[in-house]
Amino acid sequence: MWYVPITTGNLLVTKRTLDELKREVQRRADRNLPPVAGIDPADARAVLAGIGGLERDEWAQAWSAAADRHLERAVELEPADPQQGGREYWQAWRLFNFARWPVENTPFKRYTYPRALAAFRNYGRLMDPPLELVRIPFENEVIVGYLRVPRAPRPAPLVLGISGLDSRKEDVMAYGDAYLARGIALFALDLPGTGEAPARLEAKADRLFSAALDHLARRDDVDAGRLVVQGRSWSGYWATKLAHTERSRICGAVMHGGPVHHYFQRDWLLPSLDSPEYLYDYLPAKAALFGAGNADELFELAPRCSLLTLGVLDLPCAPMLLVNGARDSQIPISDLHLLRSRCPSHDAWINPDGGHMGRSTDWPAKRIFDEVLMPWIVRRLNAPA
């Protein structure tokens, strides 16, 4: 991964006080909301009770220690009860994953990230069907991805899912059962500039996804001719680009709350850094993605990524589904409207009361997935060529 440190010391960048931050983390754990969705609320309560400040490593070590306890139980339980062992690996991964969240910007967080990977891969080998770790040669490195294919049908239609700014491919694959239950394979990759992705964030980083499409086309267990790209949050950017540059090889693309043009301008980026939807370290996470050392460098680098400025939006485009909330404080809704204005035939769903990715009390993430995203994906995979 590529990381440029932000000069903010080792304190979390947040406008919340310590007590306010603890209450917000617990609230999200209780309601199964990101970025702590899946963490046992009792674990969250115990961890938060032991944290006394806003130092990054204190937070990372506290969540990591709780993860270690689940990891130890997983190893003990797996031989006699693989199912329960798998549940413990899952909890270990969720806690390790939040320990390194939103970006691996301290020595301890960088130590924790491989432990999150190991816990998830142990969970993955106990899945049915098990997780396949895919390695694709790429320039002088390797693309690391996860693939799960339903037992039937074979070859299976496929979704290529890309992680977001602070999520990782493990977050994409963690809910793969919902795809497999519908006879759809799922292939998960990290966003360029994050995780194990072997490419920085730059205009031509989509060559990483083109190499992945080449690999998938050579497999006999998936039908690369029936493939939808699913971008969530920041990776909606790459889903949008691939809808234009790889339109002949995909059935469609989901742009779920992603940036296109307006997001990259200083007049949006600056106020968005105070988004109440983001727990902490939003500036460090954004800056690390762009390879910026401070906010001024971020504002200078970001406009170069605009798909409008790059001319991508002038190309013909595969069918797209555009989804977001009108009140998103992280990604401007104007980017969705821009795409719709360039191609009115795109399908769109906007929650007028929704925040980032369209989420609201009435429309939680699972409902959006079940009622908006998945029906569209299934229709595109089953559409005539």
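The values are calculated or read from the model by the stated rules, or taken from the named source; none is laboratory data. All of these numbers come straight from a predicted model, not from anything done at the bench. Neighbour counts are summed over all protein chains in view; Cβ atoms, including those assigned to glycine, are modelled from backbone coordinates with ideal geometry.
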Of everything in segment 344-381 that's more than 19 Å from Asn32 (Cβ to Cβ), of a type outside the set (A, V, I, L, M, F, W, C) and in contact (Cβ under 8 Å) with a residue 12 or more places away in the chain, which residue is surrounded by the fewest Cβ atoms within 10 Å (Cβ to Cβ)? Ser345
Given the condition on the phi < 0 side of the Ramachandran plot and among the acidic types (Asp, Glu), answer yes or no: does some residue in segment 278-288 qualify? no
Given the options Pro284, Pro259, Pro319, name the one that is crowded, with 18+ Cβ neighbours inside 10 Å, in contact with a strand residue (DSSP E or B) (Cβ under 8 Å, 6 or more places away or on another chain), within 30 Å of Ala60 (Cβ to Cβ) and in the same structural domain as Ala197 (by TED's automatic domain parsing). Pro284
Being without any contact (Cβ under 8 Å) to a residue 60 or more places away in the chain, among the hydrophobic types (A, V, I, L, M, F, W, C) and within 14 Å of Lys169 (Cα to Cα), is that true of even one residue in segment 98-116? yes
Selection within segment 270-280 - buried (at least 21 other Cβ atoms within 10 Å of the Cβ) and within 19 Å of Ser235 (Cα to Cα): Tyr278
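Would a scan of segment 273-281 turn up a residue that is free of Cβ contacts under 8 Å to residues at least 40 places away in the same chain and more than 20 Å from Phe209 (Cβ to Cβ)?
Looking through segment 273-281, at least one residue is free of Cβ contacts under 8 Å to residues at least 40 places away in the same chain and more than 20 Å from Phe209 (Cβ to Cβ).
Residues are listed down the side, and each one gets a yes or a no for (1) surrounded by fewer than 19 Cβ atoms within 10 Å (Cβ to Cβ); (2) out of contact with any strand residue (DSSP E or B) (no Cβ under 8 Å at 6 or more places or on another chain):
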| position | (1), (2) |
| --- | --- |
| Val36 | no, yes |
| Ala44 | no, yes |
| Ala49 | yes, yes |
| Arg56 | no, no |
| Trp63 | no, yes |
| Arg69 | yes, yes |
| Pro79 | yes, yes |
Condition check for Ser341: touching a residue at least 40 places away in the same chain (Cβ under 8 Å), of a type in the set (S, T, N, Q) and surrounded by fewer than 19 Cβ atoms within 10 Å (Cβ to Cβ): no
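At least 3 residues that are assigned by TED's automatic domain parsing to the domain that holds Met357 and small (Gly, Ala, Ser) in each: list the helices (runs of 4 or more DSSP H) lying fully within segment 151-219 that qualify.
Values: elements: 169-173, 177-180, 207-217.
Correct list: 207-217.
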Only listed residue being at pLDDT 95 or above and over 30 Å from Asp362 (Cβ atoms), chosen from Pro41, Pro82, Pro102: Pro82
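This table checks each residue for (1) touching a helix residue (DSSP H, G or I) at 6+ places or on another chain (Cβ under 8 Å); (2) within 27 Å of Thr194 (Cα to Cα); (3) modelled with pLDDT under 95.
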{"position": "Gly311", "(1), (2), (3)": "no, yes, no"}
{"position": "Pro316", "(1), (2), (3)": "yes, no, no"}
{"position": "Leu321", "(1), (2), (3)": "yes, yes, no"}
{"position": "Gln330", "(1), (2), (3)": "yes, yes, no"}
{"position": "Leu336", "(1), (2), (3)": "no, yes, no"}
{"position": "Met357", "(1), (2), (3)": "yes, yes, no"}
Elements of type helices (runs of 4 or more DSSP H) contained in segment 40-112, each with 2 or more residues being polar (S, T, N, Q) and touching a helix residue (DSSP H, G or I) at 6+ places or on another chain (Cβ under 9 Å): 56-77, 82-100
Return the only residue of Asp220, Asp206, Asp214, Asp177 being modelled with pLDDT of 95 or more and buried (at least 17 other Cβ atoms within 10 Å of the Cβ). Asp206
Could you tell me whether segment 138-148 includes any residue that is surrounded by fewer than 20 Cβ atoms within 10 Å (Cβ to Cβ) and closer than 16 Å to Lys169 by Cα? yes
